[in-house]
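Colleague: This is the structure I have questions about; it appears just below.
The values are calculated or read from the model by the stated rules, or taken from the named source; none is laboratory data. All values reported here derive from a predicted model rather than from experimental measurement. Glycine gets a Cβ as well: all are built from the backbone with ideal geometry, and neighbour counts include every protein chain shown.
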Amino acid sequence: MGKDKKERQEKRLQEISLLRTIPYSDHQRYISVFSPQFLAEFVESIVDLMRNMKWAWLRKYGRNVPKTAFRVFMWWTADTIAVVTGGNRGIGFEMTRQLADHGLTVVLTSRDVNVGVEAVKVLQEAGLKVEFHQLDIVDDASIKEFADWIQETHGGLDILINNAGVNFNVGSENSVEHAEQVIRTNYYGTKSVIKAMLPLMRPSKAGARIVNVSSRLGRLNGKRNRIGNDTLREQLSDTASLTEELIDNMLNTFLEQAKDGSWTEGGWPQTFTDYSVSKLAINCYTRFLARELSDRPEGEKICVNCFCPGWVKTAMTGWVGNISVEDGADTGVWLALLPGQPASGKFFAERRETSF
């Protein structure tokens with residue numbers, strides 16, 4: 001990462017950390033939403049204040065602050081149900097914590113029962129409303145059992161955050177030895193959970209939300225790590241004609257080449273290849289699903305988006321990431337809680353839309 005890009009990212013992460021400190025009222029069902037210019041200058045001035053003790057923002061706005069703000073109804077309550085897959089550690093655990101801290105009821109799922117129960121105990125001891133249920137996203141029976149439970153216990157769900165996933169490469173490694181497991185978990189497992197949860201998403205004026213944890217490594221048109229097959233890239237870029245079959249066929253081709261060793265000449269991403277391909281598939285499926293759900297009537301809308309948490313310091317990155325787990329989880333929580341009916345079929349990073 002170049003020096004200028006790194007500085008811009010660090011500045012943006014500082015802004016997000018400050019935005020996250022603006023509290024949601026425990027007693028009034030609204031949040032303060034400021035005009036973009038006001039908020040940008042507010043954050044910039046607070047950063048300056050922290051660095052240089054400057055008071056430019058305060059001098060400029062002074063008593064006019066209330067006139068610049070307007071109130072938007074906070075759409076969720078303590079009865080809003082959010083499900084986070086793979087919530088027992090890392091980004092999933094932190095998203096669970098942040099959502100529960102905002103007053104929602106969060107269901108933390110984990111493949112390992114003991115690990116999941118212990119994670120929930122930590123959050124419950126902090127006074128948060130968090131429940132646990134076992135879920136193995138590559139096990140159809142486990143998915144069905146969870147779907148039956150969420151329906152019987154809560155009458156469905158309002159938010160689904162697909163965080164569960166695997167990666168076997170760290171540092172400069174780029175083996176495809178576990179490619180089949182990576183694709184089965186990160187793409188097919190996520191897709192199976194989504195299909196099982198869709199009928200259970202509860203109708204509301206604000207719309208239900210699906211948030212898929214993805215990665216910039218899976219971008220179609222990135223300067224680095226994009227697929228080299230121009231025809232395939234063009235097909236996958238065309239949202240209007242994108243199909244689930246096309247995505248699945250791409251993965252079948254990749255897995256066949258991973259098995260026979262020809263994947264290195266197949267034009268696939270060269271960094272964390274299997275993981276990158278799985279996230280490319282998730283990004284494409286997010287766009288496909290958003291299009292398929294776009295015609296749902298008012299009151300039954302479902303917004304589906306994906307985001308890149310960045311290179312977060314967690315077990316999945318071998319603890320060598322450069323972003324804190326709090327910052328990495330932030331955009332996912334932000335997408336889940338956006339007021340109104342958010343855009344759908346988009347890719348985000350650091351609370352900003354970015355290209356696929």
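Colleague: Let me spell it out: the conditions are (1) closer than 30 Å to Gly261 by Cα; (2) charged (D, E, K, R); (3) surrounded by fewer than 20 Cβ atoms within 10 Å (Cβ to Cβ), and Glu125 meets all of them except one. Which number is the exception?
Modeller: Only one criterion in (1) closer than 30 Å to Gly261 by Cα; (2) charged (D, E, K, R); (3) surrounded by fewer than 20 Cβ atoms within 10 Å (Cβ to Cβ) is unmet by Glu125, namely (1).
Colleague: In region 245-264, how many are modelled with pLDDT of 95 or more, surrounded by fewer than 19 Cβ atoms within 10 Å (Cβ to Cβ) and over 17 Å from Gly189 (Cβ atoms)?
Modeller: 10
Colleague: Among the residues of region 184-193, which ones are closer than 16 Å to Thr273 by Cβ and surrounded by fewer than 22 Cβ atoms within 10 Å (Cβ to Cβ)?
Modeller: Within region 184-193, Arg184, Thr185 qualify.
Colleague: Among the residues of region 130-160, write down those that are in a loop (DSSP other than H, G, I, E, B) and over 21 Å from the mean Cα position of the chain (by Cα).
Modeller: Asp139, Gly155
Colleague: With respect to Gln181, is the statement that it is closer than 23 Å to Trp311 by Cβ and touching a residue at least 24 places away in the same chain (Cβ under 8 Å) true?
Modeller: It is false that Gln181 is closer than 23 Å to Trp311 by Cβ and touching a residue at least 24 places away in the same chain (Cβ under 8 Å).
Colleague: What number of residues within region 217-245 satisfy the criterion of being part of a helix (DSSP H, G or I), touching a residue at least 12 places away in the same chain (Cβ under 8 Å) and over 22 Å from the mean Cα position of the chain (by Cα)?
Modeller: 3
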